[in-house]
Amino acid sequence: DLQAQILYAYQSEDGNGLASLIQDLTIQVKADAGDASLKYHLAHAQYRSGLLAAAADAGARAESAFSDCIDQLKPLVSQDVKSVESLILQSACYAGLANQRKLESVLLRSRSDERLKTALKLAPHNPRAVFLSSMEGLARAKPGSDEQRRSFAELERAAQLFDQSSATNIDTPGWGHAEAYLALGVQLQSRGDQVGARNWMEKSL
């Protein structure tokens, strides 16, 4: 299962494993350019590679990976403007690229927001869209503000939606569960709810 391999390499911080997956998927995409699922998996692997590079302060590698992710998804989005999962993933990659390209950050974030809003209009109960929206809100919100409370409630909703969603399968993207559960645990910990924080962090693990 390609999804499982990508997530395992990311969660175990195996940059070489991700690079190998990206190389193999690139070859497969070239051999079968019409396979949308292969392109999506490749973009997801590039997104995860960008996250690992960003965490390691490898700015050039992160920028390249996020940019490749965006480009890989462009034909999927252009062919199907209602491709919710492609819009969500491309939004995440635009947000990652915005963190690397400070001079273009406003433009890149607007593109990220545009794609995420479109995805939410098309699929308001998609857990990945709700999760990314909640994290963007929490990142912007001032402590104690209405926006922070709304975003926290949205994060709780994202965790509930992930709980209700089917397990990862070969046809439907299934990433985001672990990040959402961990993010909720961290938020609860900051609010003094140690038991709730532990429960969600254990679920993430």
The stretch 23-86 - accessible surface per residue (Å², probe 1.4 Å): 48 Å²
Exposure of His125 as accessible area (Å², to 10), given a probe of 1.4 Å and all protein chains: 130 Å²
Debye, to nearest 20: dipole size of the chain, +1 on Lys, Arg Cβ, -1 on Asp, Glu Cβ: 640 debye
J(HN,Hα) series, the stretch 149-160, from Karplus relation 6.51 cos²θ - 1.76 cosθ + 1.60, nearest Hz, glycine and proline x: 5, 5, 5, 5, 4, 5, 5, 4, 5, 4, 4, 5
Structure-derived percent of Cα pairs over 29 Å apart: which label, when the choices are (1) 27; (2) 60; (3) 22: (3)
Label-point gap, in nm, between Asp80 and Glu114 - each point 7 angstrom along Cα→Cβ: 2.2 nm
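What length, rounded to one decimal in nm, is gained on full extension from Gln194 through to Ala4, with 0.36 nm per residue of separation minus their alpha-carbon distance?
Extending this stretch completely gives an extra 65.4 nm.
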Rounded percent of accessible protein surface that carbon and sulfur make up, the chain, 1.4 Å probe: 52 percent
Cα-projected label distance for Asp57 with Ser20, points at 7 Å along beta-carbon direction, nm: 2.9 nm
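The values are calculated or read from the model by the stated rules, or taken from the named source; none is laboratory data. As the structure is a computational prediction, the values presented were derived from the model and not from experiment. As a convention, Cβ positions derive from the backbone with ideal geometry for all residues, glycine included, and neighbour counts pool all protein chains shown. Just the protein is used for accessible areas: all its heavy atoms, side chains included, with ligands, DNA and RNA removed. Shrake-Rupley method; radii C 1.70, N 1.55, O 1.52, S 1.80 Å.
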